[in-house]
1. Rounded to the nearest 500 deg cm²/dmol, what is the calculated helix-only ellipticity per residue at 222 nm for the chain, with -39500 (n - 2.57) per DSSP H run of length n ≥ 4?
2. Among I129, I191, which comes first, then next, by fewest other beta-carbon atoms within 10 Å?
3. Measure nothing but the geometry: give the 0 to 90° angle between the long axis through the Cα atoms of 109-120 and the longest principal axis through the Cα atoms of the chain, rounded to 10°.
4. Please report, in debye to the nearest 20, how large the charge dipole of the chain is about its Cα centre when each Lys and Arg carries +1 at its beta carbon and each Asp and Glu carries -1 there.
5. Could you tell me the largest-minus-smallest coordinate of the C-alpha atoms of the chain on each of the three principal axes, in descending order and whole angstroms?
6. For helix 155-167, what angle does its Cα long axis make with the longest principal axis of the chain, in degrees from 0 to 90 and rounded to 10?
7. Where in segment 95-116 does the amide nitrogen come within less than 15 Å of the point 7 Å from the Cα of I146, taken along Cα to Cβ?
8. Please find, in a Gaussian network model of the chain (springs between Cα atoms separated by less than 10 Å), the residue of K111, K193, K89 whose mean-square fluctuation is greatest.
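Laboratory data are not the source of any read-out in this text; all were calculated from the coordinates shown. Note that the structure is a prediction, hence the values are computed from the model and not measured. With ideal geometry, Cβ positions are generated from the backbone for all residues, glycine too; neighbour counts draw on all protein chains shown.
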Amino acid sequence: MENERKDTSESDPPKIEIAHLAKSFGDNHVLKDINLVLNKGENIVVFGKSCSGKSVLIKCIIGLVRFDSGTLKVLGKDISLISRHELDKIREKIGFLFQSNALYDSMSVRKNLEFPLRSHLKEKTKQEINILVEEALNNVGLIKTIDMMPSELSGGMRKRIGLARCLIVKPEIILYDEPTTGLDPITAKGISKLMLDVQKKYNTSSIIISHDMACAKLTSNRMLVIIDGEIYGEGTYAELSKSPDPKIKEFFE
């Protein structure tokens with residue numbers, strides 16, 4: 001069943017505001033005119049063909065890639081105008097689930113989850129850190145893996161640990177980069193349900209980059225399709241899946 005659209009009030013400003021964003025790599029104009037607003041408690045799925053600029057978009061949002069023109073506000077701050085220190089403060093409020101999970105192979109699950117806490121919450125005591133680690137692992141149903149190494153985990157388990165590491169800093173925004181890629185359908189569905197549980201429990205706001213339409217149908221409040229560097233279509237899963245436009249229709253066939 002499609003994720004129900006959440007209501008947002010005027011007292012809740014957008015978490016992300018993007019207007020006329022453009023990014024090129026040499027002669028390759030990846031993003032030409034991207035306009036996007038992410039509201040509080042909302043999941044937006046962004047989809048498009050390979051190399052359409054989806055991952056570049058979320059890397060622009062967290063400052064890993066500098067955009068060429070346009071405006072990009074995260075939590076009310078124009079990230080092109082703020083200092084590196086201010087950008088780091090904003091990043092502390094963003095969880096980023098990489099496609100590869102980006103776990104440290106030489107660290108146990110416990111140490112992987114402790115790492116962002118030691119970087120961002122240096123005033124926490126060891127006991128407080130232990131409580132947060134256990135809470136994050138309980139949220140993804142993997143408390144028993146706390147002392148295991150990433151090499152001992154399945155692909156789906158590594159994805160869950162990656163999500164636990166996002167959640168441990170209590171982010172306001174989560175950016176998912178192809179969260180179900182490489183997973184079998186049953187495991188992918190489990191990850192999608194977990195993402196939905198996270199949204200409902202913590203009222204997080206998320207941008208989900210995905211080509212997995214089953215994941216999109218379950219997790220999205222709205223969907224945006226990027227074609228030729230622009231937002232070509234927008235709507236709910238039900239709306240876009242019924243579109244007569246052949247450029248949109250091909251994603252649902």
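1. Values: 9 runs with 89 residues, N = 253.
Calculated mean residue ellipticity at 222 nm is -10500 deg cm²/dmol.
2. If I rank by nearby Cβ atoms, fewest first, I get I129, I191.
3. The two axes meet at around 70 degrees.
4. Working: 37 positive and 35 negative charges, 129 e Å.
It comes to approximately 620 debye.
5. On the principal axes, the chain reaches 53, 43, 40 Å in Cα extent.
6. 90
7. 108-115
8. In the Gaussian network model the winner is K89.
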